[in-house]
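Peer 1: One structure is given below, represented as structure tokens, and several questions about it will come after.
Every number in this text was worked out from the coordinates using simple rules, so none of it is lab data. If you're wondering where the values come from, they're calculated on a predicted model, not measured in any experiment. No Cβ is skipped: glycine too gets one built from the backbone with ideal geometry, and neighbour counts run over all protein chains shown.
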Amino acid sequence: MSKTTDSNEVIADFDPHFKIFHDLMPFKVQEILLISSLYDAYIMEEDGSIATRLINEYHGLNLSKPPKITRVSSAVEAFHLLTGKKFDMVITMPFLGGMDAFALGSAIKKIQPDIPVILVSHNMRSTFPDKVDRRGVDKIFLWCCEADLLLAIIKNVEDHQNVAMDTKRAMVRVIIYVEDSPLYRSLILPLIYSEVVRQTQSVLDESLNERHRLLRMRARPRILMAQNYEEAQHLYQTYKPYVFTVISDATFRKSGRSNALAGFDFLRSIRGEIPDVPLLMVSTEHKNRAEAERIPAVFIDKNSPVLRDELHKFFLNNLGFGDFIFRLPDGTAIGHASNLREFENQLKVIPEVSLRYHSNRNHFSNWVMARAEVILALNLHHDSLPTTDTLENMRADLVDKVHSLRKLRQQGVVVKFSADDYDPDIMDFVKIGNGSMGGKARGIAFMWACLQGAYRDHAVLQTHTVTIPKTCVITADGFNTFVEENKLHFSKSMPDDQVADLFLDAALPAWLRQELRAFLRKTPHPLTVRSSSLLEDGQFKPYAGLYSTYFLANNHASFDERLGQLESAIKLVYASTWFESPIAFSKVTGRGREDAMAVIIQQSVGDQFGTYFYPAVSGVAQSHNFYPVMDLNADEGIAHIAIGIGKTVVEGGKSLWFSPAKPKKLIQFSTVDNMLKYSQREFYALNVELDACLQRDNSNLVLRTVQQAEKELPVKMLASTYIADEDRVRDACLPGVKIMTFAHLLKYSSYPLGKILTELLKTAKSGMGGDVEIEFALRLHPDLEKSVFYFLQVRQMVIGSEMADVQICDHERQNAFCHVSTSLGHGSFSNIADIIYVCPEVFDGAKTMDMAKEIGAMNRRLLHDKRPFLLIGPGRWGSADPWLGIPVQWGDISGVAAIIEVQSHKIRADPSQGTHFFQNITSLGIPYLTLHEKGRQEGENHTDFLDWHWLKRQNLVEKGQYVHHVRLIKPFTLKCDGTKAESVLFQMEKPCTMVCTVEGKEVWHQSSSVPGECVWIR
């Protein structure tokens, strides 16, 4: 038996709703041995190559890979090949070199006992010699120059091999076809297969994407063929629970003899056991019609000139492959449905008499069964419907079952947007266009698929709602068409505002505007329009936060105004591809070309409080904690959360950080003073009254104080109160200063935020093959257990600790001008001679914007001279809050080789991890050192320090009002030991040869060819 592995199976592990379809049809005919004389082959190929026609037939029906055919012209050649190679089936002609086909088949089965042997003849007169043992041949067909016969033979072999396992795994349906005539078998079997495949394809839900439609095709009914009464009864008894329909001749062998009533007996026995199964009799005797109808069974004359049409009609009307026609008991049509969405809508409104009429006759079940929705079909069977006191209760039950299945099928799936089929109630992720979704959208789609498996494996995800916002992605071909049609190519840089104006004046492609119009008509919620470039959030060098994001209230009274705002937001996201920061980052990463841009349109997460819309919690979580202080562990990860829209966290505003594994341990809130100093005071919200304005600078967001929102649900439930008279913080909604402690989530675990983050980080890390960062938001419910957790995006983190061996010795620590015990990065760097630092004596927290401008000017000059530099300054680099650090953009520091973030008493801010700026720095492998400046204590080599006096003695190149640029005579050495998070910066004036201690052992070391760097002689 041959088994195949295709690309669909690679993703089965994170596609659980469709995983069962991956497991179906494990046996595929891949190798066929054709045994025929040259003349037989000539006749068969008279109308074209068999292989070519077979390939065309497979492709025409959109089936899987067609098999390979190997032809030989003698029994000897066949035996030789069969001895050394595995074939899946043999097709032979009647006579080859004196050996009849039956003897040949018997000989073949001695070599490969389980191989199916099919006899194909050009005429039936000489095929059946008397008193010949026919057990060597499994089936006999008459060749009629049709490739669809060969396909039907192949598929029938596969069906017989797969049916036992497929019915057990997925309860696939079975069609039993009884026919003893090779002539009519050869005529009708291809018609049945063609009808089954085409009808199954036609009724698959249009909301499925192409990959899932192909997978669902594996659940088509299996066609089992019998040649006599005993075979037919055996198939029926074996697969009785799965019988979809039975198609039978009237006359065939029963008890070893031809019996004109065998077909009637067989169909009557089935009707007696399964009253509602569709039955079809096909016979050459027209007189059999009346008897067939008494069974009752549909009757078709085999000799009918419209045989194909009548068979087609049977599939549509009796097997449920056509539209469902809702009727009254007298037959009057009152409605129709062509898919499950229309079916659900009709169930809601049809009269009770129609509901009872169809339910009692199992019409609902049969129609759904034709769509390969076996479980739903069984649940809609009248024997499975609950006994209710009213038909309205039954109606509600039917609607609920259909709706639940439709929603389940869409979870974890990216669906091609269709204006006619789009149903936002069940579709969570759709895409417009045919190009790439970009890095960010790809990450969301990947995690959305992975989550479906995680729901099964983790109890906390089963009992709490974890999902994604409703998402629509405009693929990159929309961007490419927009740029080409409007000729938006720039040979030189220009200010961001000028670029934005050019893009706003351009027109989106007509096809995209049409799709957006249809999408927006069914989308009444606030929207977030975000970038998803091809390079963004990619592996190793993600472009985190470099592109624009816009928030829309989407509530203007005029639909055209709403559409115009959405189009403007999309254009501005497109425009950000040419903004200064992304271009500067591209140059550093070595990707100097223009980035292509997809766009994500998401339903904003949150609730409206008065005129403001925002989520109760937004945050970032990382699977690796770069600064595991106290008893926290690096591999337990870290999370940063804040009230309001996530701009606060990702741009470095005040937030609360904790380990998801230990959410009760809040180190930054260890004292009341620390709570007052470090707690979040302000947050971002969407002002829904700004409905007619798309503000480019702040994306329609406003900054509010926590105190202003003290009567709103998030603050009332998640904030604590500082009681000044007691100088203490109480976890209650009392009069006083609000402190965002998130106590109900972290301290009391009323909602298991820590556990949810832990499981999501594990799932994402496992799926992406390395450490990850996720963004999320929480929509609060008064009953916290009913709150909804929204997964927003995922990106890989770049740890970099896999590089070359780096060790730091005592001598280097003692001669260092800077030592840091909390650093990120790994390696030895000896190419830096320039240092830009913020002078501590003149630092003014109110002037950090001016400092950023000075640094940007120095950076541009050093970039021009191709001189990398070390950057030193207080607080969070890249913070959007100028009081927490210096708000540089990437373009201000794009030439930096290493950064020192000084944590001093002048700026009280936690380390930068969790911000987009920090993610981009680390992804480039730039060493990032966090210096806790306490002074160097006597006899303690591991205390953080920076020798400011030494630094100020170096050659001054440029002196700004706040920032100085110095240049050393020769480069210094920076060594980062990523395994211990330790770094030293030093210059040695002369080579040394001495004994040092490394990891508790004495080793000799001497100077290397690199000035000031030591190597060890063990």
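Peer 1: Could you tally the net charge around residue 517, taking each other residue with its Cβ under 15 Å from the Cβ of residue 517, Lys/Arg +1 and Asp/Glu -1?
Peer 2: Here the count lands on -1.
Peer 1: Moving on to the next point. For each pair in 571/765; 431/662; 416/765; 155/765, compute the distance between the two Cα atoms and list the pairs where it is over 30 Å.
Peer 2: The answer is 571/765; 431/662; 155/765.
Peer 1: Also, I was wondering about something else. Using a 7 Å offset from the Cα along the Cα-to-Cβ direction at both residue 83 and residue 861, what is the distance between the two label points in nm, to one decimal?
Peer 2: If labels sit at residue 83 and residue 861, their model points lie 8.7 nm apart.
Peer 1: Another question, if that's okay. Ignoring solvent entirely, what values of log10 I(q)/I(0) come out of the Debye formula for region 324-410 at 0.20 Å⁻¹ when each Cα is a single scatterer?
Peer 2: -0.90
Peer 1: Can you sort 184, 962, 614 so the residue with the fewest Cβ neighbours within 10 Å comes first?
Peer 2: Fewest-to-most ranking of 184, 962, 614: 184, 962, 614.
Peer 1: Bin width 10 Å, origin at 0, all Cα-Cα pairs of region 609-796: what percent of pairs per bin?
Peer 2: It works out to 9, 36, 36, 16, 3, 0, in whole percents.
Peer 1: Can you compute the FRET efficiency between residue 766 and residue 664 using 1/(1 + (r/R0)^6), with r the Cβ-Cβ distance and R0 = 22 Å? Round to the nearest 0.05.
Peer 2: That gives a FRET efficiency of 0.25.
Peer 1: Based on Cα coordinates alone, diagonalise the gyration tensor for region 380-508, multiply each eigenvalue by 5, take square roots, and list the semi-axes in whole Å, largest first.
Peer 2: Semi-axes from the Cα gyration tensor: 44, 19, 12 Å.
Peer 1: What ranking do 809, 472, 818 get, fewest neighbouring Cβ atoms within 10 angstrom at the top?
Peer 2: 809, 818, 472
Peer 1: What is the extension gain from residue 705 to residue 375, computed as 0.36 nm multiplied by their sequence separation minus the C-alpha to C-alpha distance, in nm to one decimal?
Peer 2: Net length gain for the segment: 113.6 nm.
Peer 1: Note down the net charge around residue 304, summing +1 for each Lys or Arg and -1 for each Asp or Glu among other residues with Cβ under 13 Å from its Cβ.
Peer 2: My count for the surroundings of residue 304 gives 0.
Peer 1: Sticking with this structure for a sec: Which order do 854, 901 fall in if you start with the one that has the fewest other Cβ atoms within 10 Å?
Peer 2: The most exposed by this proxy come first: 854, 901.
Peer 1: Now, a different point. If you build the Cα gyration tensor of region 698-834 and take the root of 5 times each eigenvalue, what three semi-axes come out, in whole angstrom, biggest first?
Peer 2: 41, 24, 16
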